[in-house]
Amino acid sequence: MISTQESRKQSDALVLFGVTGDLAHKKIFPALYAMVKQGTLNVPVVGVASSKWSLAQLRQRTEDGIRESGAIDDRSALQRLLSLLRYVSGDYNDPGTFQALKQALGDARRPAHYLAIPPALFATVIKGLGAAGLADQARVIVEKPFGRDLASARELSAIARSVFAQDSIFLIDHYLGKEAIMNILYFRFANSFLEPIWNRNYVASVQITLCENFGVKGRGAFYESAGCLRDVIQNHLFQIVALLAMEPPAYQGFGAVQCEKAKVFQAMRPLQPNDLVRGQYAGYRSEPGVAKDSDVETFCALRLFIDSWRWQGVPWYLRAGKNLAETAAEVLVELKPPPQRLFDDSAPAVGRANYLRFRISPDSAVALAARVKIPGKQFVGDQRELYLLEEQIGEETPYRRLLGDAMAGDGALFTREDAVEAAWAVVDPVLKTHPRVHTYEPGSWGPKQAEALIAADGGWQNPILTRAAN
Ligand code: BG6
């Protein structure tokens, strides 16, 4: 059975590099609070950052982060979390910082080091941990983007492997901890009706949208070094493509899933500049930390092909962007129309052909769209969605799930270096050679050039946020 449960030694401390940053504030503190409530976190949590903060300041920031993510409904869990916190301030280039960390760790021998820091600092911190003897029996959890291109990802892998054991390196992509994403894997391989049509003979195209109705929210400097392609496409959206496109795992185990996913990236055709439309929202250049003449994309749409037996010739369209009309993530797998148009209103003459839709956020849904006849003498109908799944109650947040898994040594929901490198190889040719950005209005669906990219396949389907009345 494919399971993520295996017993390994539990980490006996959690070290958060970059504890004063945005990610810790928004995602990690609420995740830690949930873990304490659940009874799964009761080891020291050592925050590390360069700011000269006191422990009291870190505690206050932790409490604020939890409050902003929702109500504090368990004061004693909050107190327990605050009492687990320790703080080390120092420069990551200074060996003294790592000595101070060693002291703060006390008796802990198997810490999990979480690097919630800019990618440019990963190598420095990993080497610092190694030099201070803080890597033996320890785990390292690395945030995406892992590297900034193929060459830097390879270099980083080599550094990480020279310091940590292979099975102690956890490359985090929080999308893999989302229930709706795990359900893609489950839905594909727990059902038999899908397999006969899940290929180039029946699938006309696949499109994936990750839209956000807010801008870079103070992360201008990070965005300048990353851009949309590196921030969410090479990782989050590619992971979704891999789960949709992979072959059945050859054996029952997550290792087999990882192998099949890596093969998808290996079969992807490297992108060329004309496969890509880059956009930038009007006003981005006035954001703090952004160059006045920036050509960094806050929107990216692309067309890619997977040169495999199953997917030959099927276009995969991906788009993501900041400051768009809605906040959602959705997949649309469009099937080919019936071979003959027996009715005047059949696709492709009217609307879309049948499709399968996976809503990933803000809610989860799996819907299958099929045409049915409207009562009356005439053979006309409309397309209705059959909902197979609606909002899941009691979902763990991705960070709570993934941090818990990493501290338990369970790598099933993490990406593997070979897959990350193969994904970089696909985007590498367009990281530097690409068309200039087109400006788009905040609140729109991006530059109009993105429409032309997909015009031959029925256009983009914008996620609709309220369920259509059937
Ligand atoms: C992060 C990106 O990895 O994913 C952000 O850095 C993006 O730019 C976020 O907003 C989207 O994920 P979620 O789960 O918050 O929708």
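The values are calculated or read from the model by the stated rules, or taken from the named source; none is laboratory data. The shown structure was predicted, so the numbers you read here are calculated from the model rather than taken from an experiment. We place every Cβ from the backbone using ideal geometry, glycine too, and count neighbours over all the protein chains shown. Accessible surface is based on the protein model in full, side chains and every heavy atom, while ligands, DNA and RNA are left aside. Shrake-Rupley method; radii C 1.70, N 1.55, O 1.52, S 1.80 Å.
Could you say whether any residue in the range 133-152 is of a type in the set (Lys, Arg), surrounded by fewer than 22 Cβ atoms within 10 Å (Cβ to Cβ) and in a helix (DSSP H, G or I)?
No: zero hits.
Among Val430, Val426, which is the only one that is over 15 Å from Gln266 (Cα atoms) and open to solvent by less than 20 Å² (accessible area, probe 1.4 Å)?
Result: Val430 is the single residue among Val430, Val426 that is over 15 Å from Gln266 (Cα atoms) and open to solvent by less than 20 Å² (accessible area, probe 1.4 Å).
Residue pairs, Cβ under 6 Å, 6 or more apart or interchain, first in the range 369-383 and assigned by TED's automatic domain parsing to the domain that holds Pro337, second outside any strand (DSSP E or B) and exposed (fewer than 12 other Cβ atoms within 10 Å of the Cβ). List them.
Listed pairs, sorted by first residue: Val380/Ile374; Gly381/Ile374.
State all residues of the range 172-194 that are within 16 Å of the ligand (Cβ to nearest atom), assigned to a helix (DSSP H, G or I) and closer than 19 Å to Asp410 by Cα; if no residue qualifies, say none.
Selection gives His174, Tyr175, Leu176, Gly177, Glu179, Ile181, Met182, Asn183.
In the range 204-212, is there at least one residue being open to solvent by 50 Å² or more (accessible area, probe 1.4 Å), modelled with pLDDT of 95 or more and away from the ligand (no atom under 16 Å from the Cβ)?
The first filter runs over the range 204-212 and keeps only residues open to solvent by 50 Å² or more (accessible area, probe 1.4 Å), leaving none.
Within the range 204-212, not a single residue is open to solvent by 50 Å² or more (accessible area, probe 1.4 Å), modelled with pLDDT of 95 or more and away from the ligand (no atom under 16 Å from the Cβ).
Any residue at all in the range 298-308 that is within 15 Å of the ligand (Cβ to nearest atom), out of contact with any Pro (no Cβ under 9 Å at 6 or more places or on another chain) and closer than 19 Å to Gly218 by Cα?
Yes, that holds for at least one residue.
Test Trp311 against the criterion of being in a loop (DSSP other than H, G, I, E, B), modelled with pLDDT of 95 or more, aromatic (Phe, Trp, Tyr) and open to solvent by less than 20 Å² (accessible area, probe 1.4 Å), and give yes or no.
So Trp311 fits the description; yes.
Select from the range 377-404 the residues that are away from the ligand (no atom under 16 Å from the Cβ) and modelled with pLDDT of 95 or more and list them in ascending order.
Residue satisfying the conditions is Gly404 alone.
Which of the numbered conditions does Ser69 fail, given that it passes all the others? Conditions: (1) in contact with a Pro (Cβ under 8 Å, 6 or more places away or on another chain); (2) open to solvent by 10 Å² or more (accessible area, probe 1.4 Å); (3) under 16 Å from Leu14 (Cβ atoms).
(3)
With (1) modelled with pLDDT of 95 or more; (2) in contact with a Ser or Thr (Cβ under 9 Å, 6 or more places away or on another chain); (3) open to solvent by 20 Å² or more (accessible area, probe 1.4 Å); (4) not in a helix (DSSP H, G or I) as the list, and Gln252 as the residue in question, which single condition is left unmet?
Only one criterion in (1) modelled with pLDDT of 95 or more; (2) in contact with a Ser or Thr (Cβ under 9 Å, 6 or more places away or on another chain); (3) open to solvent by 20 Å² or more (accessible area, probe 1.4 Å); (4) not in a helix (DSSP H, G or I) is unmet by Gln252, namely (1).
Among the residues in the range 389-403, are any more than 21 Å from Ala329 (Cα to Cα), open to solvent by less than 20 Å² (accessible area, probe 1.4 Å) and not in a loop (DSSP other than H, G, I, E, B)? Reasoning before the result, please.
If we filter the range 389-403 for residues that are more than 21 Å from Ala329 (Cα to Cα), which is where we start, we get 403.
In the following step, the residues that additionally are open to solvent by less than 20 Å² (accessible area, probe 1.4 Å) were identified as 403.
Cutting the leftovers down to not in a loop (DSSP other than H, G, I, E, B) gives us 403.
Checking the range 389-403: at least one residue is more than 21 Å from Ala329 (Cα to Cα), open to solvent by less than 20 Å² (accessible area, probe 1.4 Å) and not in a loop (DSSP other than H, G, I, E, B).
For residues in the range 183-203 being open to solvent by 10 Å² or more (accessible area, probe 1.4 Å) and within 30 Å of Leu23 (Cα to Cα), which is farthest from the chain's Cα centre (by Cα)?
If we take residues in the range 183-203 being open to solvent by 10 Å² or more (accessible area, probe 1.4 Å) and within 30 Å of Leu23 (Cα to Cα), then Tyr186 is farthest from the chain's Cα centre (by Cα).
Go through (1) out of contact with any Pro (no Cβ under 8 Å at 6 or more places or on another chain); (2) within 14 Å of the ligand (Cβ to nearest atom); (3) part of a helix (DSSP H, G or I); (4) modelled with pLDDT under 95 for Phe238 and report which single condition fails.
Failed condition: (4).
Evaluate the following for Phe265: is it out of contact with any strand residue (DSSP E or B) (no Cβ under 8 Å at 6 or more places or on another chain), open to solvent by less than 40 Å² (accessible area, probe 1.4 Å) and either assigned by TED's automatic domain parsing to the domain that holds Ala190 or closer than 21 Å to Ala423 by Cβ (or both)? Show your work before the answer.
On the way: out of contact with any strand residue (DSSP E or B) (no Cβ under 8 Å at 6 or more places or on another chain): yes; open to solvent by less than 40 Å² (accessible area, probe 1.4 Å): yes; either assigned by TED's automatic domain parsing to the domain that holds Ala190 or closer than 21 Å to Ala423 by Cβ (or both): yes.
Answer is yes for this residue.
Picking from Ser294, Ser286, which residue would you name as being away from the ligand (no atom under 14 Å from the Cβ), more than 20 Å from Val264 (Cβ to Cβ) and without any contact (Cβ under 8 Å) to a residue 24 or more places away in the chain?
Numbers: Ser294 fails: without any contact (Cβ under 8 Å) to a residue 24 or more places away in the chain.
Only one candidate qualifies: Ser286.
Does Arg371 qualify as being assigned to a strand (DSSP E or B), modelled with pLDDT under 95 and more than 16 Å from the ligand (Cβ to nearest atom)?
Criteria met by Arg371.
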